[in-house]
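Worksheet: one structure, shown below.
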Amino acid sequence: MDGSPHRVGDVMTRAAVAVGRRALFKDIVERMYQWQVSALPVLEGDGRVIGVVSEADLLPKEEFRDSDPDRLTQLRRLPDLAKAGAACAEELMTAPAVTVHADAGLAEAARIMALRHVKRLPVVNAEGMLEGVVSRGDLLKVFLRPDNELADEIRRDILDVLFPAPVEPVHVVVTDGVVVLTGRVEDAARVPLATRLVRGVEGVVGVECHLTAEDVA
């Protein structure tokens, strides 16, 4: 499906900002502010991702700055209290890092973010070396695809393949990402498949299938 971004590598930010394990607390905050990001990969000297430091890792320092937590809070918030006293990325980071590969599908990346409650994922190669970063916003870029581009892909890669000889012409109209299919085809069994495949095209917001079928004996 030429021109259709289906993989993390198609939407990720390749010029990813990162820090080393010895980066100081203030340097981390300054870098986040400068680049307007909520998390930074932490790298070994060779560029291998060993963890991620996020805003959530930094906030305990402010939360516990002027407080004296009771024993129950100390036991319950022990990891956060440790980060409140941390001074560098190695002490602050969450490890191992939650990562994704460039050839992963966008849906897979979205599921990882949802399940692990993270907004950004370092993109690594087979050796764990940083290749880029993919964010929630990056995954949403597919919904910026033009309607005519979606229609061309759906017609070429799905409809012409499933219905090479329709009883009546099959039409596809895309408006604001919503696909409307009309026409009369020869195989009723393929209509649900067509709907499912169209819904799976990156950038499609919804599908209205009005295809009717006339099974050929």
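Of note:
- Residue tally, condition assigned to a helix (DSSP H, G or I) and more than 8 Å from the chain's Cα centre (by Cα), over the range 113-136: 3
- Screening the candidates ALA109, ALA104, ALA151 for the property of being among the small types (Gly, Ala, Ser), touching a residue at least 12 places away in the same chain (Cβ under 8 Å) and in contact with an Asp or Glu (Cβ under 9 Å, 6 or more places away or on another chain) yields one hit, ALA109.
- Scanning the range 142-151 for residues that are in a helix (DSSP H, G or I) and surrounded by 15 or more Cβ atoms within 10 Å (Cβ to Cβ) yields VAL142, ASP147, LEU150, ALA151.
- Members of the range 83-101 that are open to solvent by 40 Å² or more (accessible area, probe 1.4 Å), free of Cβ contacts under 8 Å to residues at least 60 places away in the same chain, farther than 12 Å from ALA56 by Cα and outside any helix (DSSP H, G or I): GLY85, ALA95, PRO96, THR99
- As for the range 193-213, it holds at least one residue that is part of a loop (DSSP other than H, G, I, E, B), surrounded by 15 or more Cβ atoms within 10 Å (Cβ to Cβ) and among the charged types (D, E, K, R).
- For the range 71-82, residues that are at pLDDT 70 or above and open to solvent by 90 Å² or more (accessible area, probe 1.4 Å) total 2.
- Condition met for ALA109 (surrounded by 14 or more Cβ atoms within 10 Å (Cβ to Cβ), closer than 23 Å to ARG14 by Cβ and at pLDDT below 95): no
- Residues of the range 163-190 that turn out to be open to solvent by 20 Å² or more (accessible area, probe 1.4 Å), among the aliphatic types (A, V, I, L, M) and at pLDDT below 95, as a count: 5
- When the test is whether a residue is within 15 Å of the chain's Cα centre (by Cα) and within 27 Å of VAL198 (Cβ to Cβ), GLU108 passes it.
- Candidate set from the range 5-22 (those that are surrounded by fewer than 16 Cβ atoms within 10 Å (Cβ to Cβ) and small (Gly, Ala, Ser)); member that is modelled with the highest pLDDT: GLY20
- With respect to the conditions (1) touching a residue at least 12 places away in the same chain (Cβ under 8 Å); (2) at positive phi; (3) open to solvent by 40 Å² or more (accessible area, probe 1.4 Å), HIS117 lacks only one, and its number is (1).
- Total residues in the range 51-70, condition hydrophobic (A, V, I, L, M, F, W, C) and within 20 Å of the chain's Cα centre (by Cα): 3
- Within the range 23-34, the residues that satisfy the criterion of being surrounded by 12 or more Cβ atoms within 10 Å (Cβ to Cβ) and either of a type in the set (Phe, Trp, Tyr) or touching a residue at least 40 places away in the same chain (Cβ under 8 Å) (or both) are ALA23, LEU24, PHE25, ILE28.
The values are calculated or read from the model by the stated rules, or taken from the named source; none is laboratory data. Keep in mind that what you see is a predicted model, and the values were worked out from it rather than measured. In this analysis, Cβ positions are derived from the backbone assuming ideal geometry, glycine residues included, and neighbour counts consider all displayed protein chains. We work out accessible area using only protein heavy atoms, side chains counted, and drop any ligands, DNA or RNA first. Shrake-Rupley method; radii C 1.70, N 1.55, O 1.52, S 1.80 Å.
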